[in-house]
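Asks: Mind having a look at this structure? Questions to follow.
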């Protein structure tokens with residue numbers, strides 16, 4: 001029997017066909033790649049998902065989370081799985097670089113061409129928008145020794161990196177006179193009633209970034225202007241502003257605005273928390289699947305045990321490889337089992353989504369994973385004295401496909417989760433496609449007209465659901481301090497039940513507006529009397545009410 005006959009096709013490894021229509025030549029076989037193998041957990045993926053969902057239904061005060069040993073004992077693969085990986089590495093001259101999360105992920109190192117041959121493919125370059133990325137046609141294959149144990153092979157391609165950069169964005173058209181330049185602390189404490197006796201001491205917030213170039217002097221100057229000292233740790237980032245080497249793209253030497261927003265906003269609202277930033281900026285030759293690699297780093301780093309995770313990047317579901325989506329999805333479930341609350345921006349392109357998506361209405365992953373808190377956007381209506389007069393759906397679209405409105409809708413990849421069962425979810429605009437999970441779950445200020453001042457001179461123009469996710473992450477950090485340093489974990493099932501059936505509102509429902517473009521029928525609407533909508537979810541945070549529901553004593557309780 002030949003090696004080819006022994007190979008098993010890894011069906012989920014196929015890349016989205018619409019991203020492979022512009023070949024750009026062969027890929028260099030010489031670079032050294034780090035490839036993550038996801039191994040089947042004991043009991044299968046569904047066992048992990050069921051356990052995480054069940055834990056999420058418990059009151060956070062009663063939860064018992066898994067540490068590394070507990071995760072390995074309950075879900076770790078059998079010893080023969082890692083034995084097979086070691087034998088495979090020995091056979092092909094690869095190095096087993098790291099085993100993470102109870103043996104569920106194993107990173108191997110080798111030359112690009114050798115790794116491609118070992119998994120039955122040829123690497124090629126493809127053009128998408130203004131960049132070139134590495135990929136392959138067809139599917140990967142697994143040798144007979146690995147086939148029973150390996151669920152995904154991550155890192156041969158660079159498709160997931162396309163979510164990190166938006167090169168075709170049409171800017172919002174809001175006059176400078178209308179920009180509120182809000183201090184984050186004002187929004188948090190005065191408008192959203194965050195408990196003011198907590199600053200996040202004892203909580204660690206992880207930021208999952210990409211193309212990470214930071215201007216550390218600017219960050220520290222901003223915090224100094226607020227009289228704050230914030231503990232910031234940066235993992236694998238480019239903070240000297242130089243140009244990194246990358247086989248397929250030389251990145252511009254300018255700060256990553258998404259990351260700067262995340263860090264500044266969270267640090268301003270929860271200055272007592274430790275902020276740890278994970279990014280992939282040096283070279284795709286080091287880490288070729290930035291999402292999975294960064295998630296692994298955040299969830300398996302004992303020096304900085306993660307309690308809250310903030311993610312402000314994404315792409316239409318149709319623009320992801322299935323195995324990457326499923327691997328990140330199970331990592332989010334594992335995060336919940338470990339006590340990590342994952343906050344993800346729902347996207348800034350309204351109901352239509354990015355125009356390179358495949359369907360009429362595009363939801364963005366990773367926000368669509370049922371194990372994350374998907375954060376949509378609102379607009380704060382303020383008078384001239386900055387008094388809050390109301391809050392509506394964020395929609396500043398003038399034309400379709402601007403980055404100017406809250407993302408939201410129905411997933412085509414994930415079914416309706418338990419915590420949304422029985423709710424009246426709007427119909428999908430994608431005909432003959434599954435109408436699954438609704439996003440977002442919650443919302444916070446995201447409009448340019450009520451945007452954030454994040455510069456040392458109290459100016460700035462920071463907006464988007466990229467501001468909503470860290471605003472919620474900062475609240476979770478404060479609540480962790482109030483909870484005696486104990487993490488809260490996956491909140492969605494508890495939060496939905498408490499909001500819909502509890503004694504007090506934990507979120508302020510948003511009942512006005514929609515997320516459609518002018519002259520487009522693709523739009524979801526917020527209206528009174530409906531407890532959830534596909535623009536702002538359950539609504540914006542009422543921080544002290546959430547603290548009270550968590551049995552955390554506050555001065556406002």
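The values are calculated or read from the model by the stated rules, or taken from the named source; none is laboratory data. Predicted model, so just to flag it, every value in this text is computed and none were measured. Quick reminder, even Gly has a Cβ in these numbers, built from the backbone with ideal geometry, and neighbours come from all protein chains shown.
Asks: Please indicate, with yes or no, whether at least one residue in the stretch 43-56 is touching a strand residue (DSSP E or B) at 6+ places or on another chain (Cβ under 8 Å) and at pLDDT 95 or above. It would help to see each step written out before you state the result.
Replies: First, the residues of the stretch 43-56 that are touching a strand residue (DSSP E or B) at 6+ places or on another chain (Cβ under 8 Å): 45.
After this cut, where a residue has to be at pLDDT 95 or above as well, the list is 45.
Checking the stretch 43-56: at least one residue is touching a strand residue (DSSP E or B) at 6+ places or on another chain (Cβ under 8 Å) and at pLDDT 95 or above.
Asks: If you check residue 269 against the conditions, is it in contact with a strand residue (DSSP E or B) (Cβ under 9 Å, 6 or more places away or on another chain), within 21 Å of residue 466 (Cα to Cα) and at pLDDT 65 or above? Give the steps one after another, and end with the answer.
Replies: On the way: in contact with a strand residue (DSSP E or B) (Cβ under 9 Å, 6 or more places away or on another chain): no; within 21 Å of residue 466 (Cα to Cα): yes; at pLDDT 65 or above: yes.
No; evaluated as a whole, the condition is false for this residue.
Residues are listed down the side, and each one gets a yes or a no for (1) over 13 Å from residue 8 (Cβ atoms); (2) in a helix (DSSP H, G or I):
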site	(1), (2)
117	yes, yes
121	yes, no
133	yes, no
137	yes, no
144	no, no
147	no, no
153	no, no
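Asks: Scan the stretch 358-367 and give yes if some residue there is assigned by TED's automatic domain parsing to the domain that holds residue 477 and out of contact with any helix residue (DSSP H, G or I) (no Cβ under 9 Å at 6 or more places or on another chain), otherwise no.
Replies: So far as the stretch 358-367 goes, yes, one or more of its residues are assigned by TED's automatic domain parsing to the domain that holds residue 477 and out of contact with any helix residue (DSSP H, G or I) (no Cβ under 9 Å at 6 or more places or on another chain).
Asks: Against the condition under 23 Å from residue 54 (Cα atoms) and touching a helix residue (DSSP H, G or I) at 6+ places or on another chain (Cβ under 8 Å), how does residue 504 come out, does it pass?
Replies: Numbers: under 23 Å from residue 54 (Cα atoms): no; touching a helix residue (DSSP H, G or I) at 6+ places or on another chain (Cβ under 8 Å): yes.
No: the conditions fail for residue 504.
Asks: Now for a different question. Taking the residues in the stretch 539-557 that are in a loop (DSSP other than H, G, I, E, B) and closer than 17 Å to residue 59 by Cβ as candidates, determine which candidate is modelled with the lowest pLDDT. Break it down into steps so the answer makes sense when it comes.
Replies: First, the residues of the stretch 539-557 that are in a loop (DSSP other than H, G, I, E, B): 539, 542, 550-557.
With closer than 17 Å to residue 59 by Cβ added as a condition, the list becomes 550-553, 557.
Numbers: 550: 97, 551: 95, 552: 95, 553: 88, 557: 51.
Only one residue tops the list, namely 557.
Asks: Which one of these is farther than 25 Å from residue 430 by Cβ, outside the structural domain of residue 102 (by TED's automatic domain parsing) and either at pLDDT below 95 or in contact with a helix residue (DSSP H, G or I) (Cβ under 6 Å, 6 or more places away or on another chain) (or both): 392, 322, 372, 342?
Replies: 342
Asks: Related question: Taking the stretch 75-91 only, how many residues are in contact with a strand residue (DSSP E or B) (Cβ under 7 Å, 6 or more places away or on another chain) and in a helix (DSSP H, G or I)? Write out each step before concluding.
Replies: Within the stretch 75-91, the first condition is being in contact with a strand residue (DSSP E or B) (Cβ under 7 Å, 6 or more places away or on another chain), and the residues that meet it are 77, 81-82, 85-86, 89.
Now restrict to residues that are in a helix (DSSP H, G or I): 81-82, 85-86, 89.
The qualifying residues number 5.
Asks: Filtering the stretch 404-435 down to residues that are assigned to a loop (DSSP other than H, G, I, E, B) and touching a strand residue (DSSP E or B) at 6+ places or on another chain (Cβ under 6 Å), which residue is surrounded by the most Cβ atoms within 10 Å (Cβ to Cβ)? Before the answer, list the steps.
Replies: Within the stretch 404-435, the first condition is being assigned to a loop (DSSP other than H, G, I, E, B), and the residues that meet it are 404, 406-408, 411-417, 421-435.
This time we only want the ones that are touching a strand residue (DSSP E or B) at 6+ places or on another chain (Cβ under 6 Å), so: 406-408, 425, 428, 435.
On the way: 406: 37, 407: 35, 408: 35, 425: 18, 428: 21, 435: 18.
Filtering the stretch 404-435 for residues that are assigned to a loop (DSSP other than H, G, I, E, B) and touching a strand residue (DSSP E or B) at 6+ places or on another chain (Cβ under 6 Å), the one surrounded by the most Cβ atoms within 10 Å (Cβ to Cβ) comes out as 406.
Asks: Follow-up question, since we're still on this one. Given (1) outside the structural domain of residue 479 (by TED's automatic domain parsing); (2) modelled with pLDDT under 75, identify the lone condition not met by residue 234.
Replies: Against the list (1) outside the structural domain of residue 479 (by TED's automatic domain parsing); (2) modelled with pLDDT under 75, residue 234 comes up short only on (2).
Yes/no matrix, rows are residues, columns are (1) surrounded by fewer than 20 Cβ atoms within 10 Å (Cβ to Cβ); (2) under 30 Å from residue 358 (Cα atoms); (3) modelled with pLDDT of 95 or more:
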{"residue": "468", "(1), (2), (3)": "no, yes, yes"}
{"residue": "476", "(1), (2), (3)": "no, no, yes"}
{"residue": "487", "(1), (2), (3)": "no, no, yes"}
{"residue": "500", "(1), (2), (3)": "yes, no, yes"}
{"residue": "510", "(1), (2), (3)": "no, yes, yes"}
{"residue": "514", "(1), (2), (3)": "no, yes, yes"}
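Asks: Go through the residues of the stretch 531-538 one by one and say whether even a single one is assigned to a strand (DSSP E or B), under 21 Å from the mean Cα position of the chain (by Cα), in contact (Cβ under 8 Å) with a residue 24 or more places away in the chain and surrounded by 17 or more Cβ atoms within 10 Å (Cβ to Cβ).
Replies: So the first thing to find is which residues in the stretch 531-538 are assigned to a strand (DSSP E or B), and the list is 533, 537.
From what is left, the residues that are under 21 Å from the mean Cα position of the chain (by Cα) are 533, 537.
Okay, now just the ones that are also in contact (Cβ under 8 Å) with a residue 24 or more places away in the chain, so 533, 537.
Next, from what is left, pick out any that are surrounded by 17 or more Cβ atoms within 10 Å (Cβ to Cβ): 533, 537.
Looking through the stretch 531-538, at least one residue is assigned to a strand (DSSP E or B), under 21 Å from the mean Cα position of the chain (by Cα), in contact (Cβ under 8 Å) with a residue 24 or more places away in the chain and surrounded by 17 or more Cβ atoms within 10 Å (Cβ to Cβ).
Asks: Looking at the structure I just gave you, is residue 103 surrounded by fewer than 12 Cβ atoms within 10 Å (Cβ to Cβ), over 24 Å from residue 320 (Cβ atoms), touching a helix residue (DSSP H, G or I) at 6+ places or on another chain (Cβ under 9 Å) and assigned by TED's automatic domain parsing to the domain that holds residue 121?
Replies: On the way: surrounded by fewer than 12 Cβ atoms within 10 Å (Cβ to Cβ): no; over 24 Å from residue 320 (Cβ atoms): yes; touching a helix residue (DSSP H, G or I) at 6+ places or on another chain (Cβ under 9 Å): yes; assigned by TED's automatic domain parsing to the domain that holds residue 121: yes.
No, not satisfied.
Asks: Here's a follow-up. Based on this model, can you work out whether residue 113 counts as outside the structural domain of residue 323 (by TED's automatic domain parsing), under 25 Å from residue 491 (Cβ atoms) and more than 23 Å from the chain's Cα centre (by Cα)? Show your work before the answer.
Replies: Numbers: outside the structural domain of residue 323 (by TED's automatic domain parsing): yes; under 25 Å from residue 491 (Cβ atoms): no; more than 23 Å from the chain's Cα centre (by Cα): yes.
Taking the combined requirement at face value, the residue does not satisfy it.
Asks: Can I ask one more? Would you call residue 7 assigned by TED's automatic domain parsing to the domain that holds residue 132, surrounded by fewer than 13 Cβ atoms within 10 Å (Cβ to Cβ), farther than 22 Å from residue 294 by Cα and at pLDDT below 95? I'd like the intermediate steps shown before the answer.
Replies: Numbers: assigned by TED's automatic domain parsing to the domain that holds residue 132: yes; surrounded by fewer than 13 Cβ atoms within 10 Å (Cβ to Cβ): no; farther than 22 Å from residue 294 by Cα: yes; at pLDDT below 95: yes.
No, not satisfied.
Asks: Can you name the residue in the stretch 487-508 that is assigned to a loop (DSSP other than H, G, I, E, B) and touching a strand residue (DSSP E or B) at 6+ places or on another chain (Cβ under 8 Å) and, of all such residues, is farthest from residue 421 (Cα to Cα)?
Replies: So in the stretch 487-508, the residues assigned to a loop (DSSP other than H, G, I, E, B) come out as 487-491, 502-506.
If we keep only those that are touching a strand residue (DSSP E or B) at 6+ places or on another chain (Cβ under 8 Å) as well, we get 487-491, 506.
Numbers: 487: 26, 488: 23, 489: 21, 490: 17, 491: 16, 506: 19 Å.
Here the residue is 487.
Asks: Mind counting the residues in the stretch 15-72 that are closer than 28 Å to residue 551 by Cβ, assigned to a helix (DSSP H, G or I) and without any contact (Cβ under 8 Å) to a residue 24 or more places away in the chain?
Replies: Residues flagged as closer than 28 Å to residue 551 by Cβ, assigned to a helix (DSSP H, G or I) and without any contact (Cβ under 8 Å) to a residue 24 or more places away in the chain within the stretch 15-72 amount to 4.
Asks: For the subset of the stretch 163-185 comprising residues that are outside any loop (DSSP other than H, G, I, E, B) and crowded, with 19+ Cβ neighbours inside 10 Å, which member is modelled with the lowest pLDDT? Before you say what the answer is, go through the steps one by one.
Replies: Within the stretch 163-185, the subset outside any loop (DSSP other than H, G, I, E, B) is 163-164, 170, 176-178, 182, 184-185.
Restricting the remaining residues to those that are crowded, with 19+ Cβ neighbours inside 10 Å gives 163-164, 182, 184.
Details: 163: 68, 164: 56, 182: 89, 184: 96.
Going through the qualifying residues, I end up with 164.
Asks: For the structure I just gave you, tell me whether residue 97 is at pLDDT below 95 and buried (at least 18 other Cβ atoms within 10 Å of the Cβ).
Replies: no
Asks: Quick check on the stretch 468-486. Is at least one of its residues closer than 27 Å to residue 364 by Cα and either without any contact (Cβ under 8 Å) to a residue 60 or more places away in the chain or part of a loop (DSSP other than H, G, I, E, B) (or both)? Please lay out each step first, then the result.
Replies: Here is the first cut: in the stretch 468-486, the ones closer than 27 Å to residue 364 by Cα are 468-477.
Imposing the further condition that a residue be either without any contact (Cβ under 8 Å) to a residue 60 or more places away in the chain or part of a loop (DSSP other than H, G, I, E, B) (or both) reduces the set to none.
No - not one qualifying residue is present in the stretch 468-486.
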